[in-house]
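Visitor: After the structure tokens below, expect a handful of questions from me.
The values are calculated or read from the model by the stated rules, or taken from the named source; none is laboratory data. Treat the numbers as computed from the prediction; the structure is a model and nothing was measured. Because the Cβ atoms are built from the backbone with ideal geometry, glycine has one as well, and the counts that use them run over all protein chains shown.
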Amino acid sequence: MAARAYWKGQIRIALVSIPVEIYPATKSGAQISFRQIHEPSGKRVKYEKVVPGIGPVDRDDIIKGFEYEKDSYVLLDQDEIDAVKLESKKTLILTQFVDASDIDVLYYEKPYYVVPADDLAEEAYVVLRDALRKTKKVGVGQLAVRGQEHVVSLKPCGNGMVLETLRYADEVRKAHGYFEDIDDVKPDKELLSLAEKLIEDRAAPFDADEYRDRYVEALKELITKKRKAGGKKILEDVDEGAEPGGNVIDLMAALKKSVESEDSGKKRKSG
């Protein structure tokens, strides 16, 4: 396997241990990276590690410190940090099995592929995968990697399994403060019916290939135009249409028009 393992260890359930390797399931998409430039000279701005009253310092002289009160620190060497003993550095103990719907989408963070470490581990790996699939449960435990312990979930994915890091409870803002001002009212039945039809007309299996980062593409095009223009300022046309989030004056008319547009579009395709 060409990719480098993010973590190597074992999954443990009771007395059963399964050697596994974990690999990132995602990668960075297309991005435009900007540098900070000193405009008069056109040169890149750089940053130095500086200590007040001393000036620039070598990286080798920098260690980590925890500020327990203003300007007072406990200093820690990296080997002291690495020596902190956590069983989850090498072992993912599945301590709980829950329904997937029990974990709110807000807690999910990042996915990783989990594969058996060798041929001997494959049988136990397949048993766990199929048991999770049959019971429709998700395994939950904790895993320490790269200086941080994560809550994680484990579930079947195709012929293998996927581990997802989860946020801790104190990392998720409660929704109540954001939604409390929304009135508890029932929508008009006809409006709701039109909205449901519009959703049903556009229902389709999710295909990630259908989407691309249009902002990055637009930035690339702008950079190309500016290079051809010799650095002259270029301002794209601004859409002077309705403001984002503006109120729909006649929701009923807008929904009916949308549904009619969907229906006529389907007739043209079938005709």
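Visitor: What tally of residues in segment 200-239 results from selecting those that are at pLDDT 80 or above and of a type in the set (A, V, I, L, M)?
Guide: Of the residues in that region, 8 qualify.
Visitor: Does segment 11-57 hold any residues that are among the acidic types (Asp, Glu) and at pLDDT 90 or above, and which are they?
Guide: Within segment 11-57, Glu21 is the sole residue that qualifies.
Visitor: Against the definition (part of a loop (DSSP other than H, G, I, E, B), in contact (Cβ under 8 Å) with a residue 60 or more places away in the chain and surrounded by 10 or more Cβ atoms within 10 Å (Cβ to Cβ)), how does Ala30 come out, yes or no? Before the answer, list the steps.
Guide: Values: part of a loop (DSSP other than H, G, I, E, B): yes; in contact (Cβ under 8 Å) with a residue 60 or more places away in the chain: yes; surrounded by 10 or more Cβ atoms within 10 Å (Cβ to Cβ): yes.
When the stated conditions are applied, Ala30 passes them.
Visitor: Can you tell me which condition Ala83 does not meet? The list is (1) exposed (fewer than 10 other Cβ atoms within 10 Å of the Cβ); (2) hydrophobic (A, V, I, L, M, F, W, C); (3) in contact with a Leu (Cβ under 8 Å, 6 or more places away or on another chain), and all the others hold.
Guide: With (1) exposed (fewer than 10 other Cβ atoms within 10 Å of the Cβ); (2) hydrophobic (A, V, I, L, M, F, W, C); (3) in contact with a Leu (Cβ under 8 Å, 6 or more places away or on another chain) applied to Ala83, the lone miss is (3).
Visitor: In addition: Which is surrounded by 14 or more Cβ atoms within 10 Å (Cβ to Cβ), basic (Lys, Arg) and at pLDDT below 95, of Lys155, Lys197? First the steps, then the outcome.
Guide: Numbers: Lys155 fails: at pLDDT below 95.
Only one candidate passes the filter, namely Lys197.
Residue by residue, here is whether (1) assigned by TED's automatic domain parsing to the domain that holds Leu154; (2) among the hydroxyl-bearing types (Ser, Thr, Tyr) holds:
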residue: Gln36; (1), (2): no, no
residue: Glu67; (1), (2): no, no
residue: Lys70; (1), (2): no, no
residue: Ser88; (1), (2): yes, yes
residue: Val105; (1), (2): yes, no
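Visitor: Quickly run through segment 105-157 and pick out the residues that are out of contact with any strand residue (DSSP E or B) (no Cβ under 8 Å at 6 or more places or on another chain), part of a helix (DSSP H, G or I) and of a type in the set (Lys, Arg).
Guide: Lys134 - this is the single residue of segment 105-157 that is out of contact with any strand residue (DSSP E or B) (no Cβ under 8 Å at 6 or more places or on another chain), part of a helix (DSSP H, G or I) and of a type in the set (Lys, Arg).
Visitor: List pairs: first residue in segment 243-271 and closer than 14 Å to Ser193 by Cβ, second residue at pLDDT below 80 and in a loop (DSSP other than H, G, I, E, B) anywhere in the structure, Cβ distance under 9 angstrom, at least six positions apart or on different chains.
Guide: Leu255/Val248
Visitor: Every residue in segment 121-145 that is more than 30 Å from His176 (Cβ to Cβ), touching a residue at least 40 places away in the same chain (Cβ under 8 Å) and out of contact with any Leu (no Cβ under 9 Å at 6 or more places or on another chain), please.
Guide: Those that are more than 30 Å from His176 (Cβ to Cβ), touching a residue at least 40 places away in the same chain (Cβ under 8 Å) and out of contact with any Leu (no Cβ under 9 Å at 6 or more places or on another chain): Ala121, Ala124, Tyr125, Val145.
Visitor: Is it the case that some residue within segment 183-193 is part of a helix (DSSP H, G or I), at pLDDT below 85 and more than 30 Å from Ala30 (Cβ to Cβ)? Even if it seems obvious, please write down each step before you answer.
Guide: First, pick out the residues of segment 183-193 that are part of a helix (DSSP H, G or I): 189-193.
Narrowing further to those that are at pLDDT below 85: none.
There is no residue in segment 183-193 that is part of a helix (DSSP H, G or I), at pLDDT below 85 and more than 30 Å from Ala30 (Cβ to Cβ).
Visitor: Ok, one more. So which residues in segment 1-27 are basic (Lys, Arg) and either more than 27 Å from the chain's Cα centre (by Cα) or not in a strand (DSSP E or B) (or both), if there are any at all? Write out each step before concluding.
Guide: The first filter runs over segment 1-27 and keeps only residues basic (Lys, Arg), leaving 4, 8, 12, 27.
Those that are basic (Lys, Arg) and either more than 27 Å from the chain's Cα centre (by Cα) or not in a strand (DSSP E or B) (or both): Arg4, Lys27.
Visitor: For segment 200-217, name all the residues that are hydrophobic (A, V, I, L, M, F, W, C) and surrounded by 12 or more Cβ atoms within 10 Å (Cβ to Cβ). If you could, list the steps in order and put the result at the bottom.
Guide: Of all residues in segment 200-217, those hydrophobic (A, V, I, L, M, F, W, C) come to 203-204, 206, 208, 216.
Matches in segment 200-217: Val216 only.
Visitor: Okay, moving on. Restricting the first residue to segment 47-72 and requiring it to be of a type in the set (Asp, Glu), which pairs with a second residue that is part of a strand (DSSP E or B) and surrounded by fewer than 10 Cβ atoms within 10 Å (Cβ to Cβ) meet a Cβ separation below 7 Å and a spacing of at least six or different chains?
Guide: Glu48/Pro56
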